[in-house]
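Quick notes on the structure that follows.
The values are calculated or read from the model by the stated rules, or taken from the named source; none is laboratory data. In this text, all values refer to a predicted model and were calculated from it rather than measured experimentally. Counting neighbours? That spans all protein chains shown, and the Cβs are built from the backbone with ideal geometry, glycine included.
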Amino acid sequence: MRTIVRWMAGVACSALLFPALAVAQQGTTISGKVTSEAGTPLASVSVFIEGMNLGTITRDDGAYTIVVPAARATGQQATLTARLIGYKSQSAPVTLSGNITHDFVLAANPLRLGEVVVTGAGTENTRERLGTVINTVDSALIQKSNEPNVVNAIAGKAPNVNITSQSGEPGASSYIRIRGIKSLSGNAQPLFIVDGIPIDNSTVATGASTGSTVAPNRASDLDPNDIESINILKGPAAAAIYGAAASEGVIMITTKSGKSGPTRVTLRSSYSIDDVNREIPLQRKFGQRVTCSTPDCGASADSYGPELAPGTPTYDHFGELFHTGHSSVTDLSISGGNDRTTFFASAGYLDQNGTIIGPNNWYKKTNARLKASHRMFDRFTISGNVAYTDANGAFTQKGSNTSGILLGGLRSAPDFNNFPYLDPETGLHRSYRFPHPSPASVTRSRSYDNPVFVIYEGKNDAEVNRTIGNINLAYDATDWLNFNYTLGGDYYADSRLEALPQTSSAFPTGTVTRADMLNYEIDHNLTAKLSHTFSPSFSGTFLLGQNLHASRFRGTWAYGYNLIAPHPFALDNTVQWESDESKNTVHTESYFGQATANLYDQLFLTMTMRNDGFSTFGKSEPRAWYPQASAAWTFTKALGNDDQTGVLSFGKLRVAYGETGKPPGVYQTLTTFSSSSFSNGWGDYLNSSLGGYGGLFSPSAPGNDNIKPERQKGLEFGADFGFFNQMADLGITRYRNTSTDVILRVPRPPSSGYSSALLNGAKLRNSGWEASLNIRPITNEKISWDVGFQWAKNKTEVLYLNGAKFFDGGSVSGGTFSGSYGAATVGYGFGIRGYDFARCGITTLIDISDGCAGAPKGAMYIDSTGFPVYDPEDRPIGNAEPDWTGSVRTNFRYGKVSISALIDHKQGGVIWNGTRGALHNFGTSKDTEIRGETRTFGKDFMPGVVAGPGAGTPVVIDDAWFTDLGNGFGPVASQFMEDGTYTKLREISVAYTFDQPWVGRSLGLSSIDLRVSGRNLHTWTDYTGIDPEANLGGAETLIQGIDYFNNPQTRSIVISVGLNR
Amino acid sequence: MNRYLKAALTAAMPAVVLAGCNDFLKCSECDTNPTSPIAASSEQRLVAVQAATWEEMNGDLARLVSMWMQTMAGTDRQFLSYGTYVIGDGDYESEFSRPYRPALLDLRAIEQDESEKGDQIFLGISQVYHAWLMGTVTDIWGDVPFSQAASPDSFPTPVYDAQQDVYAGVQTLLDNAISNLGGSGTVPLPVDLIYNGDSQSWIELAHTMKARFYLHTAEADPTAYQKALDEAELGISSNAGDYVIPYTANTGSDNNWHQFMIRERAGYVSPGANLIDILTDMGDPRLEAYFVHGDDPEIIGAAPGEKVTGKLAALNPDGRGAQDYQQPLVTYNENLLIKAEALYQTGDEPGALEALNAERAAWGTATSWHPALSLPALTGLSGDALLEAIMTEKYIVLFQNIETWNDYKRTCIPALTPAAGNDVVPGRIPYSATEKQTNGDNVPADPERNWNDPNACPAP
């Protein structure tokens, strides 16, 4: 398949060699030039004749030509309009006969008020008329981000749209959270819509989300270079048109289209140099506690050995695993067309080589797209859009997993050399706990793998082939009645291999996992739209629509154990097999309607209603209604300011209410028996089928035939202002979204026979503020400068959990770790629960009254030995939700040079640094270098208020502390909760555009763009773990803020060249 | 455009709306799960009940009890804490819940199904499992749900029955089981992975189990020794009747000890110093049957709280550490030692010594769970020394078996030095956090000790 793609790319490239054919015969030719008020020629301006579906876009010199065929140019009056995002549209009457010249001078309209915004399910509106806030990220911003995963390109660009990337590894997933947590199950990712059809954005690791390897979120299959714009529907007030699928918001992506006119060719190539941006501080002063030298001996796990003699070689167990990675992206796009037919074709190739040493850290993606539209008849247009993705990657083991590279790597004793990873004599895996493998140890565990062994000898591959496409028919039956039909499909096959070689610690006899996933979705969306102008001051539209959607998933996982020969990693080369199979089908059938009214061109009303039926809904309520209503009032027009000038050049008030839902998971209405296994959390397990006989047992919860979709009700209001002739604009939004009927796996007493019941009933609330301020102090032909600020605050409240105090089930838990787990707690929110040290006025389960008299509440109790004690009561110990998030973006252009930067800030939010906790136990953390020294709790050790009989008593801090209460495997997780505040320099770039005449004369090009950018160049944070942005489970888990031997993030320098013609 | 075409298109668009979407939400895979069954037979349930029972008896509980009984020691990470009695109410949740969910829920379904079908043997087998699991739960937690347990429709929040009532109920269940097993039913029953439906073996097992649970009440009610003796007389009569888990060398049906100690969590738990010292002092050949030495040429065990090092011994990879080691849960040997203790407690010391030596002699013949070992007969023992010998023998024989904890709580033999900083070895595990959260009105406050274990063992 890849060969075909390469061939197609080759064909596309050869098109560069041929000049575009001009389409000019006879009829009327309209031509002219479009410039800005400052006199700059404006490229890419859409110039079209209204009502005739005739148009073009301007070239780089601002010139345009529209040819009206003789048959259609009958001397009639027509309206010629020029439109460009960021400028006010302008229209002029023309008479269609002879040759016409018309130049446009467009006034800047930085508020983009006339811009058409896609509002979902076939509806659209101009920005001025919107009653909700819809953030837009356009192609220029996506390009500047240099992120191969489109989700990362959104980071820092829309308030309350927070992105967390799993790690900097090629192909790692990214998590999106829009306005807080609204559900208690699943990974709560927004709906992705590409050109009107939903696409899959799931993230599925081959193994456990907390171990195994990173896995891509499937929206990363899109080529960012194909994207024209991304519109984000954040709350129910905006997203109600998508009903039961939209509770987490909607990311609506519009791909680029061709424009009639000369064929445009763009070849863009970028090269990026990546390295690890932060590291884990380790000590190199003390060695392994007990080393050993006999064959197959076991050396100690920890490094609480003697201080190393000067000159003893020690090793950088973090740095040795990473090197400089490099990636390249090449994108070619060709677009053009004539008055009836337009096309956009693109091909892209991404080749990422990550920062982990060795051959198994890469991701390659080939994209191809053809989008074309043909007006068969004056009122009937057929369009097609098909995109193909071929993505392949190789990954390495991570996280909570004895083969995870940092788990074994950072625990390695500083005086043990992990190189060579194979014993020179036996050729077998050597590790710091198993330093001298004998030939008899071929299938013996190394306790922890040598990370270099895993990197070189493990194998974790993914191969994805995906096609997303649609056919669209648009039919304007009359001037007031339009039909639009889209049939879309999204199909992918994802084939995985995960193999651990013999001697790996988790599977000393070796294991192979093969997973094959197939996802297939078909979407049918039909709308009919009526428009009518009742009077000059009252016009309206009415839209009716139907949507049918079918999605199917097929997954098989085959596990082979006990490799026969060391290679190949194939199921046939293993002794024993197990399997898992998952199949599901969901159908949805929906009807929707939307009415809009425009009163006096200043009051805009919208009402929407959607009715959804999902095959996953329970029988008692098989269909659900989702209403929405909004109003926007441009009050400055009422004040007589029609031309957007003056100190208050624009002002709009808006209010909106809407409801959305989240469907129950598939088959939750059924009670099904399990044929899985019995286990206890320590890895040992017993299958329920034994001795060749099939075993079945009752599920943990019975099916719930009355399960309903979760419902989210949102009220949002705000205002948008323009100041000083639109030199500045300010938007403020306040919202409150209440989630009710939230599906919760309510724990039941296991002694009743079921340990849980799946019920609707929990209640959550998210409320917050969003603000954006953009200032454009200088805008002229030579210099322009703009600065944009964004700020957002969201608070998630857990109001009700069906009577429970907290909930830690499913993806809320974020994985099981000693002493800490993710949970939703009533009156607290989402975060980590666990244990703390005993504190005055808080601890109840143990008696610490002897030392707390007069001590302030929260003072850490120090017993007579001078040490704190553990409070056995589990409670919330850290909320991962940030206090606020914000970003600053600026662009400065001087002539052909432009400089831009994006700084992203997250204030607050607590992260569990489980890595540090574990490394206390192993004595490799830098913290443990003070071992043997005398410290006093509350003063120079864990500073803070202390009380109790031993308060102020100096004590020796040594391994007894670091491997006991001061240890991450001990109960007290609170000491590893760290503030996750960060400021990141996400993007900084310098660009220069060559469009001088010599470019055309000597190279035959219209322009060359040159850009040097930095991505994630610096992070300012007090967090001591790998990165305050990382999350162990990636986009698979609802709870974020878990750091347990997470692989690092990266920073990059990117050089890109764009050739345009 | 041709106006007919126009009319056709106008008509076609709404037609799509109506076409083919009748019952669109009722597709064949929409409302049936394509991969999971929605019904289960008694045979299928029994296979899974056996797996659940083995996981219960030889999984995390067996590790905890072995650490507390110092036949093993927690030597790394969380097991350092568990081994020194630092456990929370969330740590042994699955061990509390598994006997009820799914085991008892499925056992009740089997009992109902087989009662209706009149298969008394199948019914009797399920009653033995029912009694065994409930007896084990009450051994550890004391007052527990029994009469209202695993009946979710009638009792969504089951009451906690007093421990003496649970033991009484367990004895009644076993009586019923014995009576049913004397009746007719499906034989052979291949899904009975232990005795293949042989009712005589099940009857003997039920009697040994009755004896075992009578012993558990003897500290509170000394008349139970005579009852235990009477039942043991009818109990397992040879090693052929041993209840041994038929583990295989395949992952997923292999021995939990192998999975945990070798494959999953090497070093977390190591052999315990107390057992190794006893075996070493006695020159007992079971030392080398159970263990192999580590870096040190001697077989060395860890004391509670001691961290793992290379010198520590390991489970014998050809014996207790083997992937397919056939783990004994209830044996002829245990039955003889129950008899020995009961005879001793009812005043027949010579009979007790004879039973003890019969048990030691049984080691001379290899079984699925041990090689043939020659153990000399013990002579001249009486009084406290005889009891000491019986219980020490049982401590050795029941290595890794959770029954050792019940024996210790009753007899305090062998004397154990609690982990540093503790006065006593705990007598129970705290009630499950989930039960406290979901059934708070019924879960009693955690008592220091259970009804059947009023006295803590004194520290030596």
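One line per residue, one yes/no per condition, for (1) among the aliphatic types (A, V, I, L, M); (2) part of a loop (DSSP other than H, G, I, E, B); (3) surrounded by fewer than 20 Cβ atoms within 10 Å (Cβ to Cβ); (4) within 14 Å of chain B (Cβ to nearest Cβ):
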| site | (1), (2), (3), (4) |
| --- | --- |
| A:Gly851 | no, no, no, no |
| A:Asp871 | no, no, no, yes |
| A:Gly878 | no, no, no, no |
| A:Thr885 | no, no, no, no |
| A:Thr890 | no, no, yes, no |
| A:Lys906 | no, no, no, no |
| A:Gly917 | no, no, no, yes |
| A:Thr928 | no, no, no, no |
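The condition of being of a type in the set (Asp, Glu), more than 30 Å from B:Tyr247 (Cβ to Cβ) and touching a helix residue (DSSP H, G or I) at 6+ places or on another chain (Cβ under 7 Å) holds for only one of B:Glu349, B:Glu359, B:Glu354, that being B:Glu349. Scanning the stretch A:555-592 for residues that are in contact with a helix residue (DSSP H, G or I) (Cβ under 8 Å, 6 or more places away or on another chain), among the hydrophobic types (A, V, I, L, M, F, W, C) and not in a strand (DSSP E or B) yields a count of 2.
Here B:Thr280 clears all of (1) β-branched (Val, Ile, Thr); (2) surrounded by fewer than 20 Cβ atoms within 10 Å (Cβ to Cβ); (3) within 22 Å of the chain's Cα centre (by Cα) except the condition numbered (3).
Does B:Gly197 satisfy being small (Gly, Ala, Ser), surrounded by fewer than 21 Cβ atoms within 10 Å (Cβ to Cβ) and either within 14 Å of chain A (Cβ to nearest Cβ) or in contact (Cβ under 8 Å) with a residue 24 or more places away in the chain (or both)?
Values: small (Gly, Ala, Ser): yes; surrounded by fewer than 21 Cβ atoms within 10 Å (Cβ to Cβ): yes; either within 14 Å of chain A (Cβ to nearest Cβ) or in contact (Cβ under 8 Å) with a residue 24 or more places away in the chain (or both): yes.
In short, yes.
Hey, does the stretch A:666-687 have a residue that's more than 14 Å from chain B (Cβ to nearest Cβ), touching a residue at least 60 places away in the same chain (Cβ under 8 Å) and crowded, with 18+ Cβ neighbours inside 10 Å?
Taking the stretch A:666-687 and keeping what is more than 14 Å from chain B (Cβ to nearest Cβ), we get none.
Within the stretch A:666-687 (the criterion being more than 14 Å from chain B (Cβ to nearest Cβ), touching a residue at least 60 places away in the same chain (Cβ under 8 Å) and crowded, with 18+ Cβ neighbours inside 10 Å), the answer is no, since none of the residues qualifies.
Entry remark, the stretch B:241-282: residues being part of a strand (DSSP E or B) and under 26 Å from A:Asn687 (Cβ atoms) number 4 in total. Please verify whether A:Asp494 is surrounded by fewer than 23 Cβ atoms within 10 Å (Cβ to Cβ), part of a strand (DSSP E or B) and touching a residue at least 24 places away in the same chain (Cβ under 8 Å), treating the condition exactly as stated. No, not satisfied. Can B:Asp295 be described as under 16 Å from B:Gln171 (Cβ atoms) and either in a loop (DSSP other than H, G, I, E, B) or within 12 Å of chain A (Cβ to nearest Cβ) (or both)? It is false that B:Asp295 is under 16 Å from B:Gln171 (Cβ atoms) and either in a loop (DSSP other than H, G, I, E, B) or within 12 Å of chain A (Cβ to nearest Cβ) (or both). Out of the residues in the stretch A:339-362 that are out of contact with any Leu (no Cβ under 7 Å at 6 or more places or on another chain), outside any loop (DSSP other than H, G, I, E, B) and of a type in the set (Ser, Thr, Tyr), state the one that is modelled with the highest pLDDT. That would be A:Tyr349. Among the residues making up the stretch A:287-308, those that are at negative phi and out of contact with any Gly (no Cβ under 6 Å at 6 or more places or on another chain) are A:Val290, A:Thr291, A:Ser293, A:Thr294, A:Pro295, A:Ala299, A:Ser300, A:Ala301, A:Pro306, A:Glu307.
Restricted to the stretch A:20-120, the set of strands (runs of 3 or more DSSP E) holding at least 2 residues that are over 30 Å from A:Pro236 (Cα atoms) and without any contact (Cβ under 8 Å) to a residue 24 or more places away in the chain comprises A:90-95.
Among residues that are acidic (Asp, Glu), in contact with a helix residue (DSSP H, G or I) (Cβ under 6 Å, 6 or more places away or on another chain) and either in contact (Cβ under 8 Å) with a residue 40 or more places away in the chain or surrounded by fewer than 20 Cβ atoms within 10 Å (Cβ to Cβ) (or both), A:Asp847 is not included. Could you tell me whether the stretch A:735-744 includes any residue that is among the acidic types (Asp, Glu) and farther than 23 Å from A:Leu1038 by Cβ? Within the stretch A:735-744 (the criterion being among the acidic types (Asp, Glu) and farther than 23 Å from A:Leu1038 by Cβ), the answer is no, since none of the residues qualifies. Checked across the stretch A:501-509, the condition of being surrounded by 20 or more Cβ atoms within 10 Å (Cβ to Cβ), away from chain B (no Cβ under 14 Å) and more than 26 Å from the chain's Cα centre (by Cα) holds for at least one residue.
Selection within the stretch A:604-650: residues that are among the acidic types (Asp, Glu) and either within 14 Å of chain B (Cβ to nearest Cβ) or in a strand (DSSP E or B) (or both). The member of this set that is surrounded by the most Cβ atoms within 10 Å (Cβ to Cβ) is A:Asp612.
Within the stretch B:321-338, can one find any residue that is loosely packed, with under 15 Cβ neighbours inside 10 Å, at pLDDT 95 or above and more than 14 Å from chain A (Cβ to nearest Cβ)? No.
Considering only the stretch B:124-148, state which residues are within 21 Å of the chain's Cα centre (by Cα) and over 25 Å from B:Leu64 (Cα atoms). Outline the logic, then answer.
Initial filter on the stretch B:124-148 (within 21 Å of the chain's Cα centre (by Cα)): B:124-147.
Scanning the stretch B:124-148 gives B:Gly124, B:Ile125, B:Ser126, B:Gln127, B:Ser147.
This table checks each residue for (1) of a type outside the set (Val, Ile, Thr); (2) within 14 Å of chain B (Cβ to nearest Cβ); (3) in contact with a Ser or Thr (Cβ under 9 Å, 6 or more places away or on another chain).
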{"site": "A:Phe721", "(1), (2), (3)": "yes, no, yes"}
{"site": "A:Arg736", "(1), (2), (3)": "yes, no, yes"}
{"site": "A:Ile743", "(1), (2), (3)": "no, no, yes"}
{"site": "A:Val746", "(1), (2), (3)": "no, yes, yes"}
{"site": "A:Ala762", "(1), (2), (3)": "yes, no, yes"}
{"site": "A:Asn766", "(1), (2), (3)": "yes, no, yes"}
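Inside the stretch A:416-442, can you point out the residues that are in contact with a Leu (Cβ under 9 Å, 6 or more places away or on another chain), assigned to a loop (DSSP other than H, G, I, E, B) and hydroxyl-bearing (Ser, Thr, Tyr)? Before you say what the answer is, go through the steps one by one.
Just the residues of the stretch A:416-442 that are in contact with a Leu (Cβ under 9 Å, 6 or more places away or on another chain), to begin with: A:418, A:422, A:428-430, A:437-439, A:441-442.
This time we only want the ones that are assigned to a loop (DSSP other than H, G, I, E, B), so: A:418, A:428, A:430, A:437-438, A:442.
Within the stretch A:416-442, just A:Ser438 meets the criteria.
When the stretch A:792-823 is filtered for residues that are over 20 Å from A:Asp1043 (Cβ atoms), away from chain B (no Cβ under 12 Å) and aliphatic (A, V, I, L, M), the ones remaining, listed by number, are A:Ala792, A:Val798, A:Leu799.
When we screen A:Gly944, A:Gly970, A:Gly932 for residues that are away from every other protein chain (no Cβ under 14 Å) and within 22 Å of A:Arg875 (Cα to Cα), the only hit is A:Gly944.
Taking the stretch B:431-457 as the range and being within 14 Å of chain A (Cβ to nearest Cβ) and in a loop (DSSP other than H, G, I, E, B) as the test, the residues that pass are B:Tyr431, B:Ser432, B:Asn439, B:Gly440, B:Asp441, B:Asn442, B:Val443, B:Pro444, B:Ala445, B:Asp446.
Of everything in the stretch B:115-163 that is among the polar types (S, T, N, Q) and within 13 Å of chain A (Cβ to nearest Cβ), the residue that is nearest to B:Ser66 (Cα to Cα) is B:Thr138.
Pairing residues of the stretch A:563-589 that are facing chain B (nearest Cβ under 7 Å) and more than 30 Å from A:Phe617 (Cβ to Cβ) with residues that are assigned to a strand (DSSP E or B) and of a type in the set (Ser, Thr, Tyr), at Cβ distances under 6 Å and at least 6 apart in sequence or on separate chains, gives A:Gln576/A:Tyr561; A:Glu578/A:Tyr559. Exactly one residue out of B:Val137, B:Val128 is buried (at least 22 other Cβ atoms within 10 Å of the Cβ), within 19 Å of B:Ala52 (Cβ to Cβ) and touching a strand residue (DSSP E or B) at 6+ places or on another chain (Cβ under 8 Å): that is B:Val137.
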